[in-house]
1. Report, for the chain, the % of DSSP beta bridges that are antiparallel, rounded to 5.
2. Using only Cα atoms, tell me the angle between helix 212-224 and the longest principal axis of the chain; keep it within 0 to 90° and round to the nearest 10.
3. At what distance in angstrom do the alpha carbon centres of segment 25-40 and segment 80-150 lie from each other?
4. Counting pairs of Cα atoms in segment 271-361, how many percent are more than 17 Å apart?
5. I need the fraction of alpha carbon pairs in segment 189-315 separated by more than 26 Å, rounded to a whole percent.
6. With axes computed from alpha carbons, what is the tilt in degrees of helix 431-449 against the longest principal axis of the chain, rounded to the nearest 10 within 0 to 90?
7. Does anyone have the angle between helix 320-333 and the longest principal axis of the chain? Alpha-carbon axes, 0 to 90°, nearest 10?
8. Among 108, 374, which comes first, then next, by fewest other beta-carbon atoms within 10 Å?
């Protein structure tokens, strides 16, 4: 039987290209330890490698089950997409020998329908399903709400009877996560644990990469990111961003695992129970537009119910008229919704049309740097400061999202008090961050309209 490294080297293609593994990938595939902890640089092919290992196992064995646990549904479905593309690149004789018996966005079944092998994707906001697994992959675990502590405990329970294994890997994000503890030999109680000696540990900084295209992308990140942010993300140096405005610990603390709106056929499905405030960042040529939507239920903080990138089902961007109609539909469907729209450049026409139809009370045009009448200044420094204050005061709770978390983490404060977002004019974008900041601008506007008498009992005089 071919081991996974030889299997993919001899037989595999991916998106029409022969698979060529880096040396670190070959060494990692040859590590059969039951518990594997990996600190790694982003976008070096680690998640893809775990998918390749899962497809190999599903083809070689009957009744194997790999569960990919990711930060959110978008990240989780990506792992099944990797698996599907890997399977599609195999020779027809192998696909005929082990056919796909079920294929969906969150699960693939291989072989005999009576005893299939499976690859499943599970958001970290959901519990691992109550069945044994041959492998649980905790992907980007540092970005889970609790840094991966609870999911690791559950994952160990899922593989204990099957003799399976747990693979935990992540880009470094802050300190005292489960991965950070495991790499130091510290248990879940925060103290040295001899049981941790059985864990296989490895660090994969950017220097292990051999693929020229990946190296080029890393060089671009080095040129655009703050030095401390690059050191943490690409070199695995934890704690170098202790003075950052949005520390990892704050982001994790203010992340919730509650319900979120569903996207069905590109439509946002939600049953509001209170006021809604949304921020909309209009995308450029290479980046889709983003919506961050918060709901305020009495007695609760503002809780984010949607953080979505607006695309067609095939992944292509919506045109500006299509984006206008999409937002128009939300405002018409939910009378309790207010929306702040990025009105710079290509977003100006959308915001003007929505303002005209729904009024300036429900639609706010955002032009960063302006001072609109009857509204708070739309000042970049003030909006970033207000977003930070609202999180620290526990007034906002965010949906889990790795990409936005990194955008917040990369936002730095300069000595003069201004905020800088390195690379924002190049290939490092902060669209999810600003959609969230625009929503918080509206939430602060709600506060201005809120009277103290709304929170006090009133006596009826004379009656």
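Read-outs: derived from the displayed coordinates by stated rules, not from any lab. Remember, it's a predicted structure, so these values are computed and weren't measured experimentally. For neighbour counting, all protein chains shown are included, and Cβ atoms are generated from backbone atoms with ideal geometry for every residue, glycine included.
1. Antiparallel: roughly 45 percent of the beta bridges in the chain.
2. That helix lies at roughly 30 degrees to the long axis.
3. Measuring centre to centre over Cα atoms gives 18 Å.
4. Taking all Cα-Cα pairs of segment 271-361, the fraction more than 17 Å apart is 48 percent.
5. Above the 26 Å cut-off, segment 189-315 has 53 percent of its Cα pairs.
6. Between helix and principal axis, roughly 30 degrees.
7. Between helix and principal axis, roughly 70 degrees.
8. The order, fewest Cβ neighbours first, is 374, 108.
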